[in-house]
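Here the structure comes first, spelled out in structure tokens, and everything after it is commentary.
The values are calculated or read from the model by the stated rules, or taken from the named source; none is laboratory data. This structure is a prediction, so every number in the text was calculated from the model and none was measured.
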Amino acid sequence: MGGFHMLDIIVVAAIALALFGPKALQSMARGAGKGVAQAKDMKDKLMSDLPVEDITKITDNIPQVPLNARQAVGMLLASDAGKEKEPKTELKKVEEDQEVKANEL
């Protein structure tokens, strides 16, 4: 049900050899190899031209997408907990500003 076995590959190779002959099969394999080599070269050239640092910064700013219900609930609870903490820190900042002003007077 999954993948190729060695016997499958041998049968396919024998049928291809019988249909196309050894010279045609050799030239097709050579052409396929050259095509794969060109694709690898193009991929390497593209990867060297990409600004990897910029892409990393952008992907860090994209929020994580939950893959199942448990992750979604966990993310919602974490965001709610973060929202509850934010007003407390703002209150502390206001109190600190008031203390600084009182000390200046």
> Looking only at the stretch 5-50, which residues are among the charged types (D, E, K, R) and within 35 Å of the chain's Cα centre (by Cα)?
Replying inline: D8, R30, K34, K40, D41, K43, D44, K45, D49
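Is there a residue being more than 30 Å from S79 (Cα to Cα) and not assigned by TED's automatic domain parsing to the domain that holds S79 anywhere in the stretch 52-69?
Going through the stretch 52-69, the residues more than 30 Å from S79 (Cα to Cα) turn out to be none.
Checked against the condition, which is being more than 30 Å from S79 (Cα to Cα) and not assigned by TED's automatic domain parsing to the domain that holds S79, the stretch 52-69 yields no hits at all.
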